[in-house]
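Visitor: Pasting in a structure now, in structure tokens, and then I'll have a few things to ask.
No lab work stands behind these numbers, since they all come straight from the coordinates. All of these numbers come straight from a predicted model, not from anything done at the bench. Reconstructed Cβ throughout: ideal geometry from the backbone, glycine too, with neighbour counts over all protein chains shown.
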Amino acid sequence: MTRRSERLAARIEEGATGLASFAEGLSAAEWTLPVGNGQGDRRPIGVLVHHVAALYPIEVDVARAIAAGAAVMDLTWDAIATMNAEHAREHADVTKEVALELLRRNGRDAAEAVREFTDEELDTAAPFSLSFGAPMTAQFVVEDHAMRHSWHHLARMRLALGR
């Protein structure tokens, strides 16, 4: 573990913990409140909590691929929208307990995986389709996806609830 990888991992844990703490205090009605993203996506808060948790392994795998110098060009925003819609259908009735347990476990596992990155791996760049094929570093992918994801959805949840 390097100092950089530890700091990145700690921020992943901070985001997962913040989202979990927020979600723990939600009422049953709040858990099912749809959250808008400005693009027609109106998934309920509970589904979004589970969504963040479920994507940690995928986000870490993408960062690992970039860290190995492999281009990631098959991941598109359309594919993500399809995956998100499918996830929302499959987990429409997710319970708070199930979502929070997955969030804690996958957040912890993602942080542990990021701790294994070397500075050289974090600095490795490869073409990344979500950035229009620009060569992005593994550190960017960790920060923009595994780390930022919980913060992004938590901000939208707070906005939806007026908090």
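Visitor: Going by the conditions given, is ILE80 of a type outside the set (D, E, K, R) and closer than 16 Å to LEU8 by Cβ?
Guide: Judged against the criteria, ILE80 is not a match.
Visitor: Of all residues in the stretch 130-149 being of a type in the set (Val, Ile, Thr) and part of a helix (DSSP H, G or I), which is surrounded by the most Cβ atoms within 10 Å (Cβ to Cβ)?
Guide: Per the stated criteria, the residue is VAL142.
Visitor: Another question about this same structure. Residue pairs, Cβ under 7 Å, 6 or more apart or interchain, first in the stretch 106-120 and in contact (Cβ under 8 Å) with a residue 12 or more places away in the chain, second surrounded by 14 or more Cβ atoms within 10 Å (Cβ to Cβ) and not in a helix (DSSP H, G or I). List them.
Guide: These pairs meet every condition: THR118/THR2; ASP119/THR2.
Visitor: Which numbered condition trips up PRO127, out of (1) out of contact with any Leu (no Cβ under 7 Å at 6 or more places or on another chain); (2) part of a helix (DSSP H, G or I)?
Guide: PRO127 satisfies all of (1) out of contact with any Leu (no Cβ under 7 Å at 6 or more places or on another chain); (2) part of a helix (DSSP H, G or I) except (2).
Results for (1) surrounded by fewer than 18 Cβ atoms within 10 Å (Cβ to Cβ); (2) touching a Cys at 6+ places or on another chain (Cβ under 9 Å); (3) part of a helix (DSSP H, G or I); (4) of a type in the set (Gly, Ala, Ser), shown as yes or no for each residue.
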| residue | (1), (2), (3), (4) |
| --- | --- |
| ALA20 | no, no, yes, yes |
| ALA63 | no, no, yes, yes |
| THR82 | yes, no, yes, no |
| GLU86 | yes, no, yes, no |
| ASN106 | no, no, yes, no |
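Visitor: Residue check: is LEU33 within 13 Å of LEU154 (Cβ to Cβ) and either touching a Lys or Arg at 6+ places or on another chain (Cβ under 7 Å) or touching a residue at least 40 places away in the same chain (Cβ under 8 Å) (or both)?
Guide: Considered against the rule, which asks whether it is within 13 Å of LEU154 (Cβ to Cβ) and either touching a Lys or Arg at 6+ places or on another chain (Cβ under 7 Å) or touching a residue at least 40 places away in the same chain (Cβ under 8 Å) (or both), LEU33 comes out as no.
Visitor: Looking at (1) within 22 Å of ARG7 (Cβ to Cβ); (2) of a type in the set (A, V, I, L, M, F, W, C); (3) buried (at least 18 other Cβ atoms within 10 Å of the Cβ), which one does MET157 not meet, given that it meets all the others?
Guide: Single failed check for MET157: (1).
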